[in-house]
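The values are calculated or read from the model by the stated rules, or taken from the named source; none is laboratory data. Small disclaimer: the values here were computed from a predicted structure and weren't measured. Neighbour counts run over all protein chains shown; Cβ positions are idealised from the backbone, glycine included.
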Amino acid sequence: MATGSSLRNRSPAAELEQLLGLRAARWDRVESGGYGRVNAHWRVRFDDGGSVFVKQALDSDAAVWLRKERLVYERVAGLFMPAYFGAYDSGQCFFLVLEDLGAAEWPPPWTRERIDAVLSALEALRATPPPAGLGFLADRRDSIVGWPGVREDPEPLLSTGLCSRRWLEEALPALLSACDDAELGGNDLLHLDVRSDNLCFKGTDAVLVDWNLACVGNGRFDAAFWLPSLRLEGGPEPWEVLPDAGPLAAAVAGFFAVRAGLPAPAGAPTVREFQRRQLEVALPWAARELGLPAPRG
């Protein structure tokens, strides 16, 4: 796929017209609310007052992720999905055309009704047959649970200041054992990146966007993974939403523990700080659920 300024500095206007048979009246660049910088986002307006949202890959890795999203958009239907209008893929240019959700309500703030709407959407997602071609959450266990990596190299986690070396040495056996018990396998469809910048509300329905991490497994992990960011945005404590979830809480904490102290990856300069903040919630949650002392910095 072509990369560089030629792709980043222009909208795919001719390609969109070829796909939809409509000439756009106006293209507005939309800044992403996420943590990556590998896609361009456009709000495209037409003379009749209609609009669409265009998500354009800026490099070959982004094209791979968008092709996975395309698979989900083309094969999954539900109130939790935005409308899908098609994709353009020439090998040199790739983009998705989706419902423009700019007028929807994007959290925060959170209310009990909004939290229940997301949980209902996740239940509907779990009841939806997953399309063929998605990977399995259980196959990602080594990268998901994280604590074996912390055992191998605890320094990045310790550098965050969220726990002491002594606390980690004493707690690590229980965290590792809980992660071994965490059920990741299953037949549910998962979004795997539920957080406020990836969801909005149309009326009383929660709509999920950014499906490039979708997979098949234990759908309860979607809710568990969401809860630290929900708490950071004024939501309830994780155990109030998902009680008795010790192994899943340990897995979520491990995901952030092995990453939060690392250098920022290319294209996502702010993700480590956000992971550190989520770990501030997830680590005490896991400790509480496993009967461990609270982490000591």
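Is it fair to say ALA2 is assigned to a strand (DSSP E or B) and modelled with pLDDT under 95? In short, no.
For region 129-143, the candidate set comprises residues that are surrounded by 17 or more Cβ atoms within 10 Å (Cβ to Cβ) and among the hydrophobic types (A, V, I, L, M, F, W, C); within that set, the residue that is farthest from the chain's Cα centre (by Cα) is LEU134. For region 229-236, the count of residues that are more than 16 Å from ARG114 (Cβ to Cβ) and of a type outside the set (Lys, Arg) is zero. With a requirement of 1 or more residues that are within 17 Å of the chain's Cα centre (by Cα) and not aromatic (Phe, Trp, Tyr), the strands (runs of 3 or more DSSP E) lying completely within region 23-128 that satisfy it span 39-45, 51-57. With respect to the conditions (1) surrounded by 13 or more Cβ atoms within 10 Å (Cβ to Cβ); (2) among the basic types (Lys, Arg); (3) modelled with pLDDT of 70 or more, ARG29 lacks only one, and its number is (1). If you check ALA62, ALA87, ALA77, ALA83 for being modelled with pLDDT under 95, small (Gly, Ala, Ser) and not assigned by TED's automatic domain parsing to the domain that holds ALA249, only one passes: ALA62.
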